[in-house]
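Notes to accompany the following structure.
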Amino acid sequence: MYPILFESRYITIRTSGIFLVLGLLVSLWYLIILFKRKKIDINFLTDNLIWFLVSTIFFGRIFDFLLNKSDYFVYEIFVIWDGNINFFFGFLGFITTFVVISKIKQKNYWKYFDILINPFLITMFFICIGDFFSANNYGSPIEWDILPSVTYNSPDVRYAVPLHPVQLYTALYTLFCFYMVIRLQKKRRPDGILSLLVLLLYFIGDFFLDFIRDNAVYEIFGYRSSQIFDLLLVIFCIVLIIIKNHKNYLKIKSI
């Protein structure tokens, strides 16, 4: 594999970082198409784009450093081109910033979330491909030779045996979630329900895929920390779906 594309005394450019940037660019292009198609003002996003990007990278990078790189120099927190960003906290950083700014500017953030869900999945697809080439979030040793496998020759991987290509499985599952967005969009739903349903589906799948991941992470009660985050986000999505459906029911009943 090719985890490093360029390396010098002063800078190292990793494959995962390149795929992250590529994913963001493709997502932005697709997002512009969606806004034009739905005739929604894109100025709110463009005016606050820097805040959204900074909050995502800041939270994702800080927590990646705290959880995985406590033995690194502090200045490496700012070396964002290595592509190492904690997805869960980057996601929460973006959502929190988006909601706060939306409330300040009196925007319906749920309507925006329903549009942003597919660009989000596109970004995650590219991140998974970058992880595959960079040996990030690698799988556990494979037990049956008939299954697809990948072998890494890297000091960052604990095994030199065939492993589950779980990054590619995750990429394929992300494409499935992308397809489900297209299917679910055909039926009119209250704002926010579409994005919540797809996120619920995504996090459930990620929880089970984590059983065949084996990169070193903290464990909580025998489960990988990423699985705990998945479960928390699943619960969060379910609660919000119930609340929003109940509010919509009361609204229809009052008419």
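The values are calculated or read from the model by the stated rules, or taken from the named source; none is laboratory data. Please read all numbers here as calculations on a predicted model, not as lab measurements. Quick reminder, even Gly has a Cβ in these numbers, built from the backbone with ideal geometry, and neighbours come from all protein chains shown. The protein model used for the area step is the full one, side chains on, heavy atoms only, and it has no ligands, DNA or RNA in it. Shrake-Rupley method; radii C 1.70, N 1.55, O 1.52, S 1.80 Å.
Modelled this way, with points 7 Å down the Cα-to-C-beta line, the labels at residue 245 and residue 41 are 3.4 nm from one another.
Relative to the longest principal Cα axis of the chain, at what angle does helix 166-184 sit, 0 to 90 degrees, rounded to 10? Its long axis makes an angle of about 10 degrees. A full extension of the chain between residue 62 and residue 149 corresponds to an added length of 28.1 nm, given 0.36 nm per residue minus the alpha carbon distance.
Solvent-accessible area assigned to carbon and sulfur over the chain amounts to 68 percent, based on a 1.4 Å probe.
The largest accessible area among 114, 47, 191 belongs to the first residue in 47, 191, 114, and the rest follow in falling order (1.4 Å probe, all chains). Per residue, the accessible area of the chain comes to 60 Å² when a 1.4 Å probe rolls over the protein heavy atoms. Positive-end ranking of 223, 192, 209 along the dipole of the range 177-253, with charges on Cβ about the Cα centre, is headed by 192.
With the simple spin-label model, which puts each label point 7 Å out from Cα in the Cβ direction, the residue 161 to residue 208 separation comes to 2.5 nm. Rolling a 1.4 Å probe across all protein chains gives residue 242 an accessible area of roughly 110 Å².
Using θ = phi - 60° in the Karplus curve 6.51 cos²θ - 1.76 cosθ + 1.60, the 3J(HN,Hα) couplings for the range 48-61 round to 10, 4, 4, 4, 5, 5, 4, 5, 5, 5, 4, 5, x, 6 Hz; x is entered for Gly and Pro.
For the range 155-229, trypsin sites (Lys or Arg not before Pro) meeting the loop criterion (DSSP other than H, G, I, E, B) and having at most 11 other Cβ atoms within 10 Å: 186, 187, 188. Going by alpha carbons, how many degrees (0 to 90, nearest 10) lie between the helix axis of 109-134 and the longest principal axis of the chain? The angle comes out near 10 degrees. Modelled label positions at residue 108 and residue 22, each set 7 Å beyond Cα in the direction of Cβ, lie 3.7 nm from each other. On a 0 to 90 degree scale, rounded to 10, what angle separates helix 225-254 from the longest Cα axis of the chain? With both axes taken from Cα atoms, the answer is about 10 degrees.
Name the chymotrypsin sites (Phe, Trp or Tyr not before Pro) in the range 152-209 that are in a loop by DSSP and that have at most 16 other C-beta atoms within 10 Å, would you? Those that pass, being in a loop and sparsely packed, are 159.
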